[in-house]
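Heads up: the structure comes next, in structure tokens.
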Amino acid sequence: MVCLSATAVFPAFAQTDGLDQVVEKAQNIQIKSNDTSFDEVLGTARAVGDVEIEYGDVVIRCQEAEFQQSSGKIYARDNVTVYKDGTVFSGEEIIYDTTTGEMTATDLRSGLYPLFYQANDLAVPTDSSDVIEMNEAFFTTHDSSNPNFRIRAKRMKIFPGDKVTMKGVKFYAGETPIFWFPYLSQPLDDELGYYFVPGYSTPWGAFLLNQYGFMIGDHTLAQAHLDYRTERGIAGGIEFKSERFRGKENFGRLNLYFASDDSPQESYSGRARTEPIDSDRYRVNFQHRVYLPGPEKSTLYLDIDINKLSDQYFYEDFFPAEYRTDPQPDNILNLVKRNPWGTISLLGRFQLNDFFQTDERLPELAIDFIRTPLADTGFFYNGYTTAGILEEKLGDQGRANLIEQQTLNQSYLDGLDAGTYTLRNGSLVDADGTVLEEDFDPDTRRSVVDGITQALEPRGYTRFDTYHEVLYPGSIGGWLNVVPRAGVGYTNYSSIDDPDIDSFDRTIAHAGVETSMKFSKQYPNVVNSTLGIDGLMHVFQPYVNYSLVSTDEIGSRFTPIDRLTPTTRLRPIDLPLYTPTDDIRDWQIARIGAQNRLLTRRNGGTHNWLSLNTYFDSYIDDPEFNRDFSNLFNEIQWSPLPWLSARVDSQVPVFGEEMDFTEINSSVYFMPTDWFQFGVGYYELNDHPYFRNSDLISLSTYTRLSDQWGFSTVHRFEADDSTLEIQQYQLHRDLASWTASIGGIIRDNRSGDDEYGVLFSLTLKAFPKVSVPVDFEPGGGQ
């Protein structure tokens, strides 16, 4: 083995004054081989047999090599391997330029995780560019000498950490070509490529949902959809996502989708619809944020959220997952200016879909002040001021239903007045003695008709509302934290749609105080590795939040728009957080509670091992009902180990109030072995005045049968009416670079006809992607 440095190889050049950059770099080259020779006249060195060349952090191994000092290039041949910047390059012939760092090669093989590629001709990154260029190349993410998929391109460029661009592209499954594209730009992530979902469900029949993602330039991700459902027909569209807002679902999105529906009159649950629905159905969704003046981020921006649907049932029939989370999408334009002290916004909300009930703001100006110190006084200020034109518009179907109820009840009352109908034992009967309705109370029905008449009348007004509050945080004795607060508000209503109601004012006075204290005790000797305990510290924090509101009463004839809606939770008692502006009433409430926490040491920090928050409201003046106390709330979170956790949120009627409903929401996650895990959930709601009872039990499991096989289940059972709502079973198989799943779903919609579904998924572990979520529900993957 011969080992030479460039100084030894080129002694004459090495001793010459005024060496250029090439010669200086050449002096750092080390050459090892079985036989090395050099020509001082030509300035070349040749090495043969087990050649190893080192230059900085670059190592070249081959069987034959030549270095030319004049060009600074190394020519390596015969089973060449180059180690550069943590990447390995292999080929039959590679030329490395020591001056620029550029590498060109023929029949080269290498990898840039998650890619493995091979090319007949390649140029790798230089000092001035990190782009890898290849001709007649193929790449794969399957780290095997015989990959089960690959992509071949006539010309390809790899931009590390960004994307791959290709021309003349063929997709291969094994050795079989399956797709061809003239040009393709593919980011190095999992959102692009081909994605398909085959399956069967009762509402859709057999279906195949297809998606292909591609880049438009380097700024927009496009995902094209072409779907077929045997019960619905063909549908498709395209969705655009801005790379600037990647990861933000509410900005930079345009979604266009059209369906030629073969069964528009059939609902997702199987029931026939009475109102006519056009077979041409669609959605147009546009969410974006425009920075002003742009294009850079600024504190002045316009938020756009536009959602136009063909009908009120479109989401339910084609995108049921979206329907469950957002059945009536909003339409707003909101101009926002952010400041250190708060925000100024100009909001426009409008009824773009006339089948949805909407409270319009045309427009509403809002100035919100965050909690801000008032110089060095110790006082803090927060508040808001709004001014807007509000109007509540009924949806077409809601208006039609109200008119139908009004007409029916009025006909009963008219018939009763005319003697056509009579009351017999509390029932309404016609002249033939046929019972039309049981338990018919004329006074109640007249109230119903009056209420519907009022609901059908235009509801709108101009509102100016302002509220300002001062707080003074402090402590007493260094252990009792006290935050007194006081605020005043004023509201003016004008241009009211009801001609019988004149403009009027309302004033609000609010006072309150929040107190808390904290005690702690350490138990350093409490250690239990089984339960993840390495010493304990108990933190006990009792608190009381008292709130008093005095305001003017609004007449019953006035219909508020921002009003209270039924809920199982307690209302906010800090007035700036109270959103039903038109439904503020007198109240005097004390929220009393205590928080307990058990903390332990873990991974060099503090871990919340167990927490319990217990609280209730004491009503001195109840704004909604005639209560003295609310339910008793308990929020428990237990996280002892990474593979075991539990949570229980509950409220129970311990004080004997009339509204003595019970709500329990609990869940447990447990992984007892490395091959089995399960989760159990339970939700109970009983005797609530507005919501129906529920005893819902859910169970999900995953069993690892082997290194390649797994089995998962999902069940949801409503014990209140003994309905097994969902059954889902899936078998999973790991196929090297792919994961395959097949399974089925049975859903009881309580419509008499169960819904059945067959699911199949094939997921590539790295792009391009063909996949479906394991917990897929029809419509959830679009």
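Some notes on this structure:
- Close amide-amide hydrogen proximity is noted between F629 and Y619, each under 5 Å apart and 5 or more residues distant or on a separate chain (H modeled in the peptide plane; Pro and chain starts excluded).
- Cα gyration tensor, the range 220-264 - rounded (a/c under 1.5), prolate or oblate: prolate
- Cα-based helix-to-principal-axis angle, 396-418 vs the chain, degrees rounded to 10: 10
- Rh (Kirkwood; distinct C-alpha pairs) - the range 224-358, Å: 16.8
- Stokes-Einstein diffusion coefficient of the range 598-669, Kirkwood radius over Cα pairs, 4 °C, 1.567 mPa s, in µm²/s: 91
- Sparse-neighbourhood loop sites, GluC sites (Glu not before Pro) in the range 433-509 - DSSP loop, at most 15 other Cβ within 10 angstrom: E438
- Surface composition of the chain: carbon and sulfur atoms hold 54% of the protein heavy-atom accessible area at a 1.4 Å probe.
- Space enclosed by the convex hull of the alpha-carbon atoms of the range 344-431, per residue, Å³: 183
- Taken along the Cα-to-beta-carbon direction at a fixed 7 Å, the label points for T100 and S494 span 7.4 nm.
- Per-residue 3J(HN,Hα) values for the range 203-212, derived from phi via the Karplus relation 6.51 cos²θ - 1.76 cosθ + 1.60 with θ = phi - 60°, read x, 9, x, 6, 9, 9, 9, 10, 9, 10 Hz in sequence order (x marks Gly and Pro).
- Between the C-alpha center of the range 676-704 and that of the range 489-567 there is a gap of 29 Å.
- Here the alpha carbons of the range 637-764 define both size measures, Rg and Dmax, at 18.7, 62 Å.
- Whole-Hz couplings from phi, Karplus 6.51/-1.76/1.60, listed for the range 535-548; x for Gly and Pro: x, 10, 10, 9, 10, 10, 9, x, 8, 9, 10, 9, 9, 10
- Given charges at Cβ of Lys, Arg, Asp, Glu: the chain dipole, positive-most of N307, Q727, F179: F179
- Solvent accessible area, Å² - H225, 1.4 Å probe, full protein context: 20
- Relative contact order computed over the chain (Cα-Cα under 8 Å; 6+ residues apart), in percent: 6
- A Förster distance of 22 Å, applied to the separation of the beta-carbon atoms of E404 and Q328, puts the FRET efficiency at 0.55.
- For the range 238-299, average projected area of the Cα convex hull in nm²: 6.7
- Under the convention that each Lys and Arg Cβ holds +1 and each Asp and Glu Cβ holds -1, the size of the dipole of the range 570-655 around its Cα centre is about 800 debye.
- Summed side-chain charge close to I589 - residues other than I589 whose Cβ falls under 12 Å, Lys, Arg +1, Asp, Glu -1: -3
- Two-decimal Rg to Rh for the range 335-486 - Kirkwood Rh, Cα set: 1.30
- Based on alpha-carbon atoms, the Kirkwood radius and the radius of gyration of the range 552-593 give Rg/Rh equal to 0.98.
- Take every Cα pair under 8 Å whose residues are at least 6 apart in sequence, average their separation, divide by the length of the range 330-374, and the relative contact order is 36 percent.
- Taking θ as phi - 60° and the Karplus parameters 6.51, -1.76 and 1.60, the scalar couplings of the range 441-450 work out to 10, x, 5, 5, 5, 5, 5, 5, 4, 5 Hz in sequence order, x denoting glycine and proline.
- Ordered from largest to smallest accessible area (heavy atoms of protein chains, 1.4 Å probe), the residues M537, M103 come out as M537, M103.
- Cα pair distances in the range 519-611, grouped into 5 Å bins until the bin that holds the longest one, percent each: 3, 10, 15, 14, 10, 8, 8, 9, 8, 7, 4, 3, 1, 0
- Förster radius 41 Å - calculated FRET efficiency between I344 and A321 (Cβ-Cβ, nearest 0.05): 0.70
- Charging the Cβ of each Asp and Glu at -1 and of each Lys and Arg at +1, and nothing else, the dipole of the range 477-559 about its Cα centre rounds to 780 debye.
- The ratio of the alpha-carbon radius of gyration of the range 409-530 to the globular-protein estimate 2.2 N^0.38 Å is 2.23.
- Spherically averaged projected area of the range 561-699 from its Cα convex hull (nm²): 11.4
- Within the range 630-705, GluC sites (Glu not before Pro) in DSSP loop having at most 15 other beta-carbon neighbours inside 10 Å: E658
- Placing dummy labels 7 Å off each Cα toward the beta-carbon, the span from Y183 to A272 is 5.3 nm.
- All Cα pairs of the chain, percent lying beyond 50 Å: 40
The values are calculated or read from the model by the stated rules, or taken from the named source; none is laboratory data. If you're wondering where the values come from, they're calculated on a predicted model, not measured in any experiment. Virtual Cβ from ideal backbone geometry, glycine too; neighbours counted across all protein chains shown. When the accessible area is computed, the model is the full protein with side chains, heavy atoms only, and any ligands, DNA or RNA have been set aside. Shrake-Rupley method; radii C 1.70, N 1.55, O 1.52, S 1.80 Å.
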